[in-house]
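Colleague: Supplied in C-alpha cells, the structure appears directly below.
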Amino acid sequence: MTHLGYRRSSVIDMTELEDWLSERALEHDQPAFLLRTATEKLRWNCILRPGLTSLTRLVSAARERARQSTFELVSPILSPTVKQFLDSLLELKDDSSRTTLTWLQQMPNAHTSTQIIVTLEKIQFLQGTGIPDWNLSTINPNRLKFLANIGARATNQQLQRTSEKRRYPILIAFLKQSYLEFADVVVDLFDACLWECHNDAKRELDEKRLKAARSTNETLRTYGEIAKIIINDQIPVSAQ
C-alpha cells in the first residue's frame, strides 16, 4: 500500500466524501451510480476503499441529504394553498375513477383535434394554478428531470405513502416539466394535424381533377361519336 501511494481513510476523508456524494446525488440519485462514483473518487485520491457496507451507508446518507436539500429549495413554493392543491391531485374525482395526476400523466397518442383540445385544457389547468410562476432555477436540472420522471410514472397510492419531504418535490417537478412539455406537444400536434389536413385536401383535389379529366374525356368521346354520325353520308337524313 505504501509502495502504491495509498493510505487508509480517515474520518475527515469520509466526511468530505459524503459531502461530495451529496452534491452528486443532486444530479443523479441512482444508488449504483453513486456507489461507483464513490469508489472512483477514492481510487483517484489513492485512499484504500472501506467495506461496501460503509460505502452503502454513505450513499444512503448522501441521498437523504439531497432529498432534504431539494425539499428546502422548494419550501418557498409550499404555501398551505399549494400543499392542498398538490394533495388534491392524488384524490379521486367525484365524477370519475381517476385522479387529476393520472389525467396529467396521459400524453397524447394521436394528432387529432380532440387530443389538441385535451392538451390545451391541461395547459389551461396548469396556468390557472400558477405553475408557470414557480421558480425552480435553484434546483439542478438533472434533479428536476429525475423527479419529474418519477412523477410521470408513480401512482397516487405510491405518492400518498411517501413522506411530504419526497412527495412534494416530485409533484412540483412533474407539474413544472409537464407544463413545458405540453406547450411543445400541442405545437407539434397542431403542425401534424395541419399537415394531415393539407395532405387530405391535396389528395381530394387530385381526385377531383382526375374525375373532371375523366368526365372531359367521356364528353369528348361522346362528341366524337356524334360527329361521326353527323358526317356519315350513309345515314339517311330524317324527313322531319
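The values are calculated or read from the model by the stated rules, or taken from the named source; none is laboratory data. Keep in mind the model is a prediction, meaning the values are calculated, not measured. For neighbour counting, all protein chains shown are included, and Cβ atoms are generated from backbone atoms with ideal geometry for every residue, glycine included.
Colleague: Considering each of D13, D87 in turn, give the residue that is in a helix (DSSP H, G or I), surrounded by 14 or more Cβ atoms within 10 Å (Cβ to Cβ), of a type in the set (D, E, K, R) and touching a strand residue (DSSP E or B) at 6+ places or on another chain (Cβ under 8 Å). Quick ask: steps written out before the conclusion?
Modeller: Working: D87 fails: touching a strand residue (DSSP E or B) at 6+ places or on another chain (Cβ under 8 Å).
After applying the criteria, what remains is D13.
Colleague: Which of the numbered conditions does H111 fail, given that it passes all the others? Conditions: (1) closer than 18 Å to L147 by Cβ; (2) in contact with a Cys (Cβ under 6 Å, 6 or more places away or on another chain).
Modeller: Result: H111 fails condition (1) only.
Colleague: Any idea which of (1) free of Cβ contacts under 8 Å to residues at least 60 places away in the same chain; (2) surrounded by 13 or more Cβ atoms within 10 Å (Cβ to Cβ) is the one L171 doesn't satisfy?
Modeller: The failed condition is (1).
Colleague: Report yes if some residue within the stretch 21-30 is surrounded by 14 or more Cβ atoms within 10 Å (Cβ to Cβ) and either at positive phi or part of a strand (DSSP E or B) (or both); otherwise report no.
Modeller: Looking through the stretch 21-30, none of the residues is surrounded by 14 or more Cβ atoms within 10 Å (Cβ to Cβ) and either at positive phi or part of a strand (DSSP E or B) (or both).
Colleague: Just to be sure, is A148 out of contact with any Cys (no Cβ under 7 Å at 6 or more places or on another chain), surrounded by 14 or more Cβ atoms within 10 Å (Cβ to Cβ), in contact (Cβ under 8 Å) with a residue 24 or more places away in the chain and farther than 15 Å from I172 by Cα?
Modeller: It is false that A148 is out of contact with any Cys (no Cβ under 7 Å at 6 or more places or on another chain), surrounded by 14 or more Cβ atoms within 10 Å (Cβ to Cβ), in contact (Cβ under 8 Å) with a residue 24 or more places away in the chain and farther than 15 Å from I172 by Cα.
Colleague: Let me ask you something else. For P169, only one of the following conditions fails: (1) under 23 Å from S113 (Cβ atoms); (2) in contact with a Lys or Arg (Cβ under 9 Å, 6 or more places away or on another chain). What is its number?
Modeller: Looking at each condition in turn, P169 falls short on (1).
Colleague: Take L48 and decide whether it is in contact with a strand residue (DSSP E or B) (Cβ under 7 Å, 6 or more places away or on another chain), at pLDDT below 85 and not assigned by TED's automatic domain parsing to the domain that holds N140. Working first, answer last.
Modeller: On the way: in contact with a strand residue (DSSP E or B) (Cβ under 7 Å, 6 or more places away or on another chain): yes; at pLDDT below 85: yes; not assigned by TED's automatic domain parsing to the domain that holds N140: yes.
Criteria met by L48.
Colleague: Here's a follow-up. Any idea which residue in the stretch 51-74 is modelled with the lowest pLDDT, counting only those that are of a type in the set (S, T, N, Q) and in contact with a helix residue (DSSP H, G or I) (Cβ under 9 Å, 6 or more places away or on another chain)?
Modeller: Filtering first and then ranking leaves S54.
Colleague: Separate question: Contact list please: Cβ distance under 8 Å, first residue in the stretch 38-55 and in contact (Cβ under 8 Å) with a residue 24 or more places away in the chain, second residue of a type outside the set (D, E, K, R) and loosely packed, with under 12 Cβ neighbours inside 10 Å, pairs at least six apart or on different chains.
Modeller: Listed by first residue and then by second, the contacts come to C46/L4; C46/G5; L48/M1.
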